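A short write-up of the structure that comes next.
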Amino acid sequence: MTMPADDKKLTFLKFRDQSTLGGEMLMYSLSKQVAALLGLCLAGISMAADYSDGFVADFRPDFPAAVKGEQCVAPVEVMRRNHMMLLFHQRDRTVYFGERATKYSLSGCLSCHTQRDTQGAYIPINAPGQFCQSCHSFVSVKIDCFECHATMPRQRAVFKRTAVDEQN
Amino acid sequence: MIGKKLSRREVLTAAGAALLTLAPGVKLVDLAVAASKTANASKDEATDNLVRWGMLVDVNKCADGCTDCVDACNDEHGLRGQNNHNSRPETDAQYIRVLDIKDKTTGKQYSLPMMCQHCETAPCVDVCPTGASFRREDGIVLVDKHTCIGCRYCMLACPYKARSFVHENLTDQVPTTPRGKGTVESCNFCVHRVDRGEQPACVEACGKLGHQALLFGDMNDPDSELSRQLREKSTTQVRDDLNLNTGVRYYGI
Amino acid sequence: MARLRHTTFSGNSRGYRVLLVALGALVVNGLLSARQMDQAGHWVTGMSNQVVWGVAHVFAIFLIVTASGVLNIASISSVFERDVYKSEAYTAWARLSGLLAITLLLGGLLILVLDLGRPDRLIVAMTHYNFKSIFAWNVFLYTGFVLIVVVYLWMMFEQRMNRFVRSAGIAAFAWRILLTTGTGAIFGFLVARQAYDMAMMVPLFIAMSLSFGSAFFVLILASLHQHVHTKQKVELLTRLRMLLGNFIIAVLFITVIDHLAKLYAAGLHDFERFILMDGGIYPAMFWFGQVLIGSVVPLLLLFWRSKISGNISMEISIRRLVIASGMVIAGGFAQLYVIIIGGQAYPLALFPGMEVSSSFFDGEIASYTPSFHEFALGFGGIALALLITILVLRVLPFLPQEDQLSGKQT
């Protein structure tokens, strides 16, 4: 007997989530563990040296605020820690099942967080100091999303092969 | 912890908490599944195998020298070489192309568009080592570029030369067609449009000038115009000797 | 019978150090080219959307095929030759044969991995499997081969484990046949291409591996100059002559059958005309490379005897074997070049019997000029294999010891 289509999909999805965890997320969870260990070391050092309360300085990346919207798709604390999980999950649902809801999609991020320059033109979100890049360089996590994905919202492709060829 | 001065006690507590959640992934998956379920309920649906997307190419209506479908495709997916025009034709991607065909014996000539045939038993899907090359439930053959390692075995296996490899760094991609160096790609039936309920860009472009040589639709729906025409006309699959049950059929060759 | 002893490579000559540096430089050169390919994209190579696998793949597949073939020596010693005295020459060299099998495979895999469009996603290839893909099978065949040969070597090294050598040898032999089957199937099971669609690729690749592997081992033996006792070398070399000759004939035979079968089918006449006559570099490589240099001349060198002088001296016979082996290797590269690149250069027949043209090079013979980067990567893979080999030889006793065999046989 065949399973109902939706059950089959969920099984498949479960598999994909696990395999995602096994693959690229391995690096992520490894880095988490390393961070935890580093945190422990830091605590140890601070205890040994008996620094004053001000030891942990006011570190934070400097990134521009969202252009529009009052509230992100999830609470800030959730987004800070888990945005990659949400993105990975949405990504697989979109690629494999064609679910293009923008709630947790990368283009959803772009639509609120892309800045414009003084002329009103979009600035790529992976440019230095921009939303994605500022945080990711702060925590030294390289992302390769934008090797393929668009870095700014765009309604339609503006390029016409013949026109461009003639100009050049 | 960010942006706040912390006491030593707080630092220790945070470090301990971090140690206790050494495998955060488990919890996060549940969160993501729950989130996605809500998104589903409110918005779009997953694809299912009740539909099989297909296309009929009427070769007789394909106008000589016309490249509207190709131009629309390049436009839709932002296909171009590094220097904004086809500077390296041997390595630039083509999702759809026009084949000029001449019968050596009889001299009969005709042209037709060739692209991914969206086979039911696609050789590219069989040979892909990571499963990045896959067939969606609704019959569209795609590359998951997140798991494509760029081995190019699918390009050797495809009987239609439908696939291209991205040979260079790209910028300014079209949001609906993410594509990047080191991965393989091909016609995806404009899957982002199909999910929105629209026609592929080539079909739309072919209809604009009234050529109507391309017909897109659901092969599984007996009442669709596509199914009706496929039933009535004697259509051909290219390389039908391979028995791949292609999603693209040709009439008039 | 005196027990066979092995020793490490003791020479610390200037030659050894020069070799180390040279091989190291080749490896670094290969890595730099790979980095360039990765950063700029594959357009800097000769490969294109028409010829998707280039000369780097010729090197990689040569190394992988040779890796399993070079294990012949060990297989014969522990599986096929039951006569202890006859097998002794093979047994003496079985360890080195196992080591080369591993290092050559690693060299080949390095090339394949660094040529990927996304080599950084190697972890994806390790965690996502499509079990219908021959590539995915090969991932297991390669790792399994390395594991089995490591165990096999352990059985050889550890005296208490010596009684399991035969079982391990049988497993390794079976696995190496499977491995070459997998490599041949990469091409043989491609229904789309006229050059590849034949299961005959599998026996062809097995025969190629036996032939290239034996020839490669002869060259390695010949290059181990003063450091190793000549008597053992001479013994093994004398035995390898017949073996190599038979393997060359096997490759030639399967090649002839393949072309005859294709010539019999009208649909493949155009392809055969291309690959055997009109195709420029490919027929040249086939006739002069594979057939003449890689098969006919080596066979003459191995088997031809002057009627006047009768038997030739052992010294000349061995010199001829070494030359023949070098030619077999050269012919092997030519053969793989014709199979891999010639097979892709010939256009796909979407509409058999029709003239087809397009902006995507349909119906045209694809042009391909190998680039510096591909050669650099290919030589880097070979250099890596040899570098690991000569480093391991210094540390572990892989080479038969001089004194043990002298005077053992009368």
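Wholly within region C:11-106, which helices (runs of 4 or more DSSP H) include no fewer than the required count, namely at least 1 residues that are surrounded by 18 or more Cβ atoms within 10 Å (Cβ to Cβ), touching a residue at least 40 places away in the same chain (Cβ under 8 Å) and aromatic (Phe, Trp, Tyr)?
The qualifying helices (runs of 4 or more DSSP H) are C:55-69.
Restricting to region C:40-50, give me the number of residues that are more than 9 Å from chain B (Cβ to nearest Cβ) and closer than 15 Å to C:ARG193 by Cβ.
Taking region C:40-50 as the starting set, the residues that turn out to be more than 9 Å from chain B (Cβ to nearest Cβ) are C:46.
From what is left, the residues that are closer than 15 Å to C:ARG193 by Cβ are none.
Total satisfying the criteria: 0.
Anything in region A:123-148 that is open to solvent by 50 Å² or more (accessible area, probe 1.4 Å) and not in a helix (DSSP H, G or I)? List them, or say none.
Within region A:123-148, A:ASN126, A:PRO128, A:VAL139, A:SER140, A:VAL141, A:LYS142, A:ILE143, A:ASP144 qualify.
Among the numbered conditions (1) more than 7 Å from every other protein chain (Cβ to nearest Cβ); (2) over 19 Å from C:GLN50 (Cα atoms); (3) out of contact with any Ser or Thr (no Cβ under 9 Å at 6 or more places or on another chain); (4) in contact (Cβ under 8 Å) with a residue 24 or more places away in the chain, tell me where B:CYS187 comes up short.
Of (1) more than 7 Å from every other protein chain (Cβ to nearest Cβ); (2) over 19 Å from C:GLN50 (Cα atoms); (3) out of contact with any Ser or Thr (no Cβ under 9 Å at 6 or more places or on another chain); (4) in contact (Cβ under 8 Å) with a residue 24 or more places away in the chain, only one is false for B:CYS187: (2).
Could you count how many residues in region B:137-175 are more than 11 Å from the chain's Cα centre (by Cα) and away from chain C (no Cβ under 14 Å)?
Counting residues in region B:137-175 that are more than 11 Å from the chain's Cα centre (by Cα) and away from chain C (no Cβ under 14 Å) gives 6.
Can you name every residue in region A:68-83 that is more than 15 Å from A:SER107 (Cβ to Cβ) and either assigned to a helix (DSSP H, G or I) or open to solvent by 60 Å² or more (accessible area, probe 1.4 Å) (or both)?
Kept after step one, since they are more than 15 Å from A:SER107 (Cβ to Cβ), are these residues of region A:68-83: A:70-71, A:74-82.
Residues satisfying the conditions are A:GLU70, A:GLN71, A:PRO75, A:VAL76, A:GLU77, A:VAL78, A:MET79, A:ARG80, A:ARG81, A:ASN82.
With respect to C:PHE288, is the statement that it is open to solvent by 70 Å² or more (accessible area, probe 1.4 Å) and either over 20 Å from C:PHE187 (Cα atoms) or not in a loop (DSSP other than H, G, I, E, B) (or both) true?
Yes: the conditions hold for C:PHE288.
Just checking, does region B:185-200 include any residue being open to solvent by 40 Å² or more (accessible area, probe 1.4 Å), among the small types (Gly, Ala, Ser) and closer than 16 Å to B:ASP58 by Cβ?
Looking for residues that are open to solvent by 40 Å² or more (accessible area, probe 1.4 Å), among the small types (Gly, Ala, Ser) and closer than 16 Å to B:ASP58 by Cβ, one finds none in region B:185-200, hence no.
The values are calculated or read from the model by the stated rules, or taken from the named source; none is laboratory data. The structure presented is a predicted model; accordingly, all values stated were derived computationally and were not measured. Heads up, the Cβs are rebuilt from the backbone with ideal geometry, glycines too, and the neighbour counts pull from every protein chain shown. Remember, those area values only see protein heavy atoms, side chains included, never the ligands or the DNA or RNA. Shrake-Rupley method; radii C 1.70, N 1.55, O 1.52, S 1.80 Å.
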